[in-house]
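Accompanying notes for the structure given below.
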Amino acid sequence: MNIWGMSLAELQALVRQYDAPAYRGRQVYDYLYRRGVHTFADMMQLPQALREQLAATQRIDFPTIVSEQLSADKRTAKVLLRYADDALVESVLMHYNYGYSVCVSTQVGCAVGCRFCASGQNGLIRNLTAAEMLAQVYAFQFLRDMRIHSFVLMGSGEPLQNYDEVLRFMRRCADPEGLNLSYRNMTLSTSGIVPGIYRLAEEQLPITLALSLHAPNDTIRNELMPISRQYPLAEVMAAVRHYRERTKRRVTCEYVLIREVNDRPEHARELAALLRHMRCHVNLIPLNENPTVPLQRPEAARIETFLQILTGEGIPATVRKEMGREIQAACGQLKMKFLAKQRPI
Ligand code: SAH
Ligand code: SF4
């Protein structure tokens with residue numbers, strides 16, 4: 001069995017199976033999560049017999065850190081991780097004024113298939129487990145010996161299509177024995193999976209929900225996001241309203257600006273009308289261009305006009321600060337390849 005990802009209580013229960021006292025579980029915990037030791041043989045504080053028994057019966061599936069890239073301004077880093085089955089996943093670390101934030105991937109690939117996004121181009125390969133998501137956060141802790149302040153589930157994958165593991169991951173991050181992250185510093189971004197939004201509302205977790213809206217009406221949204229045919233805007237907005245009322249948490253809307261597709265002044269006005277009573281903040285994201293997709297970002301003046309219209313209509317909005325573009329670490333650029341052999345190391 002794999003023990004990476006286990007909580008302190010689970011590790012204490014585990015060592016009991018080997019007739020070891022509970023404090024041995026704490027030692028294993030410290031090795032795994034504080035010291036970054038991921039082979040039993042190196043857990044020198046454990047009696048040799050226990051080390052050998054553990055090694056014979058358990059695994060530590062911490063992914064290999066295949067590469068790390070750092071942006072020129074050193075504010076963004078990207079790691080490529082290889083999991084036990086050779087699946088490759090990228091995650092990104094951003095350094096903001098308030099601290100370090102990790103952009104976590106929740107799936108290898110993505111089934112939603114938004115036209116502008118690199119992550120979903122080859123469909124869904126598989127879900128990631130909570131332990132595998134946790135490893136993305138810890139990879140940066142171990143590499144840089146830093147304290148992580150927050151994370152956004154904005155890497156590859158649709159978190160609400162991997163619901164149970166994503167929830168388990170968030171709970172592990174909140175564990176006071178571990179990362180001790182505040183739920184308020186966790187953001188779950190979704191393309192609008194309606195049943196998932198209703199389910200999440202019942203969890204009563206003070207996380208931030210971000211809705212990937214990207215269009216002011218169903219016609220444009222259907223064109224950009226195939227999932228929209230299944231969950232039309234009216235249903236998505238009703239789910240978000242319910243979420244807000246149930247949790248009393250403000251929802252963020254993300255809107256990728258694409259030249260001549262959704263960036264015209266009339267789109268901004270239509271968006272303002274759609275969001276008038278939602279009290280949500282709009283994050284405008286100029287498209288990160290991808291050579292395989294024939295879509296472009298708008299010119300700067302167009303972005304500015306869009307922003308002015310929204311704020312003029314009383315909708316709080318900002319243009320997202322871009323980070324990590326030159327290391328292909330910006331939103332929607334994380335492209336997963338399944339075969340490790342295809343990638344230079
Ligand atoms: N699947 C979830 C979360 C991951 S995507 C979702 O779609 O919300 C995280 C964010 O990156 C989403 O808002 C997504 O629309 C955005 N994104 C995807 N491709 C992009 C691109 N090429 N340029 C800018 N943002 C992009
Ligand atoms: Fe999946 Fe989000 Fe990319 Fe759409 S934008 S394909 S939902 S990861």
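Odds and ends about this structure:
- Rough spin-label spacing in nm, given labels placed 7 Å along Cα→Cβ, for K248 and E68: 4.1 nm
- Per residue, the solvent-accessible area of segment 100-254 (1.4 Å probe, heavy atoms of protein chains only, all protein chains present) comes to 35 Å².
- If you take all other residues with their beta carbon under 10 Å from the beta carbon of S71, and give Lys and Arg +1 and Asp and Glu -1, the sum is +2.
- Computed [θ] at 222 nm, helices only, for the chain once each DSSP H run of length n ≥ 4 contributes -39500 (n - 2.57): -10000 deg cm²/dmol
- Non-local Lys pairs in the chain, i.e. 8 or more apart or on different chains, that have alpha carbons under 28 Å apart: 10
- Entry note: the chain has Rg to Rh equal to 1.00, where both radii use alpha-carbon atoms and Rh is the Kirkwood radius.
- Selected from N127, N97, N185 as most flexible by GNM, with the chain as the system and alpha-carbon contacts under 10 Å: N97
- Additional length obtainable on full extension of the chain from N122 to Y96, 0.36 nm per residue less Cα span: 6.2 nm
- Per atom type, the chain shows carbon and sulfur on 50% of its accessible surface, probed at 1.4 Å.
- Length available on full extension from E322 to M44: 0.36 nm per residue minus the Cα-Cα distance, which gives 95.7 nm.
- E203/E10 FRET efficiency (R0 30 Å; Cβ-Cβ; nearest 0.05): 0.90
- Helix 233-247 axis, angle to the chain major axis (alpha carbon atoms, nearest 10°): 50 degrees
- For the pair segment 178-248 / segment 31-70, the C-alpha centres are spaced 38 Å from each other.
- Scanning the chain for trypsin sites (Lys or Arg not before Pro) in DSSP loops with at most 10 neighbouring Cβ atoms within 10 Å leaves 75-247 as the longest stretch between them.
- Computed over the chain: relative contact order in percent, which uses C-alpha pairs under 8 Å that are six or more apart: 15 percent
- Within a Gaussian network of the chain (alpha carbon springs, distance under 10 Å), most fluctuating of S150, S189, S71: S71
- On Cα atoms only, tilt of 265-275 relative to the major axis of the chain in degrees: 60 degrees
- Crossing angle, helix 194-203 versus the chain [Cα axis fit, 0-90 degrees, rounded to tens]: 50 degrees
- FRET E, pair A301, A84, Förster distance 51 Å, beta-carbon r, rounded to 0.05: 0.55
- Cysteines without a disulfide-compatible neighbour (Cβ-Cβ under 4.7 Å), the chain: C103, C110, C173, C253, C280, C331
The values are calculated or read from the model by the stated rules, or taken from the named source; none is laboratory data. All of these numbers come straight from a predicted model, not from anything done at the bench. For neighbour counting, all protein chains shown are included, and Cβ atoms are generated from backbone atoms with ideal geometry for every residue, glycine included. Ligands, DNA and RNA are stripped out before the accessible areas are found, and what is left, the full protein with its side chains, is counted by its heavy atoms. Shrake-Rupley method; radii C 1.70, N 1.55, O 1.52, S 1.80 Å.
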